[in-house]
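Heads up, the thing below is written out as structure tokens.
Any read-out appearing in this document is the output of simple, stated calculations on the displayed coordinates, not a laboratory observation. In this text, all values refer to a predicted model and were calculated from it rather than measured experimentally.
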Amino acid sequence: MYLLHSEAPKTLNQISTEIFNAHASEIVDSKKFMNKDDFLKAIKPKDLELNLNFDQTLNSILFKLVDVNKNGLIDLDQFIDFEKNLLLKPDNENKILFKILDEKNLGRLNVKELKNKLQQYQHKDAAKIDF
């Protein structure tokens, strides 16, 4: 008789740790970190090809959100927090967009700030927004 060995499904932390370890290329004091390029590779779906300029813009924006220490590196805890609290939450697109627009971390935006940010990230061929 053979006993079937079934593994428990992996937790989000385990999956995130595997992704982090597969992409983190920086080592500081024996601890692994992701730089901006590592981070984009880790979060971009393998079959998705994005415009290089868009990749760099997206990476910079998201990286700033995740790099809470503002040291140019993301540790495992920051990466897991990003996946749990931004990517997997309902209504995450709106939360991410707001965090991108609220660079001063005040929890609010005025019309002028919103207008400036939208114009900054608007593609040159996109329809113009009339404020």
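At 0.36 nm per residue, minus the direct Cα-Cα distance, what do Lys99 and Lys44 gain on full extension? Give it in nm, one decimal, please. Write down the numbers at each step before the final one.
Values: separation 55, 0.36 × 55 = 19.80 nm, distance 1.92 nm.
Full extension from Lys99 to Lys44 adds 17.9 nm.
Once fully extended, how much extra length lies between Thr17 and Asn92, figured as 0.36 nm per residue of separation less the alpha-carbon to alpha-carbon distance? Mind dumping the intermediate values first?
Values: separation 75, 0.36 × 75 = 27.00 nm, distance 2.11 nm.
Length difference between fully extended and current span is 24.9 nm.
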